[in-house]
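Here's the structure we're looking at; comments come further down.
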Amino acid sequence: MTTIGFIGLGIMGGPMAANLVAAGHTVLGHDTRQAAAERLVTAGGKYVDSVAAASAADVVITMLPDSPQVEEVVLGPGGVLEHAEPGLLLVDMSTIRPDTSVAVAAAAKARGVRALDAPVSGGEKGAIDGVLSIMVGGDAEAFQAARPVFEVLGTTIVHVGPSGAGQTVKAANQLVVGGIYALVAEAIVLLEASGVDPGPGLDVLAGGLAGSRILDLKRKSMVAREFAPGFRIDLHHKDMGIAIAAAREAGVALPMTGLTAQLIAAARAQGHGSLDHSVLLKVLENVSGKAAQ
């Protein structure tokens, strides 16, 4: 099987790396947090203490918080490209700016490395269950080479275009997800303020045209005000900034995206940055002056 370097073993990267181990791959994982390293070792992977050691692989996957971290780990001194052998397949599964992915791909090509941007959707549960949606930008031949790895991690795997296209699709994904969370939160506020039990009410919505993956997975926890992070507000705030910047670059107006971005920014300003993005419910309650009972 393939030797895979996996850099970034957080909420998403940790279970993804574990799934690759379970599929029979040799995984060399690197993260700055000891607890993340221990989880990988428990799953059967091998922890390595440097980016250089993780780069001694057939495939290197990065799963990092934002563009600056990807630039540092991939392009910086001691980074992946400094140590990469020609022919390496570099797959960045972080959610970052499209222009960063384009720059990484260009730098990789100059070193004889094949690079893909392959952000994911599906949250922590999707990562654990290996059912992520993976949107891939880059060369078609590199995409086919990476497909066996992607098939361990996800069930919807689509090559969406050249370098950077995966990140543009992910920006579209995040604006839709944020908007749906905001609308589900408004529905709960309306139902409760009207004296209607939101549990059965949302059950009906989930079975009709208003149904969504978010309603399927999150309606009960939102009604119960359980906001343990599957995907943190801090990260969604970053992603909405990417979406707004992409819209500006494309010369289009996305007014609903702008409003949703402000609600997510409000959640962060109210101290909820470390909580799940479903905590938008608290923001909408505050807007309406309706604290949870």
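Per-structure values
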item	result
Residue tally, condition at pLDDT below 95 and part of a helix (DSSP H, G or I), over region 111-136	4
Failed criterion for I157 (all others in (1) touching a Phe, Trp or Tyr at 6+ places or on another chain (Cβ under 8 Å); (2) in a helix (DSSP H, G or I); (3) at pLDDT 95 or above hold)	(2)
Matching option when the condition is touching a residue at least 40 places away in the same chain (Cβ under 8 Å) and among the hydroxyl-bearing types (S, T, Y), among T42, T32, T26, T3	T3
Within region 68-88, tally of residues that are crowded, with 22+ Cβ neighbours inside 10 Å and within 22 Å of the chain's Cα centre (by Cα)	4
Which numbered condition A171 misses (of (1) closer than 20 Å to L215 by Cα; (2) of a type in the set (A, V, I, L, M, F, W, C); (3) open to solvent by less than 20 Å² (accessible area, probe 1.4 Å))	(1)
Pairs with Cβ under 8 Å, 6+ apart, first in region 203-230 and touching a residue at least 24 places away in the same chain (Cβ under 8 Å), second among the basic types (K, R) and surrounded by fewer than 17 Cβ atoms within 10 Å (Cβ to Cβ)	L217/K125; G230/K125
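The values are calculated or read from the model by the stated rules, or taken from the named source; none is laboratory data. All values reported here derive from a predicted model rather than from experimental measurement. Here Cβ is always computed from backbone atoms with ideal geometry, including for glycine, and neighbour counts include all displayed protein chains. For accessibility, only protein heavy atoms count, side chains too; no ligands or nucleic acids. Shrake-Rupley method; radii C 1.70, N 1.55, O 1.52, S 1.80 Å.
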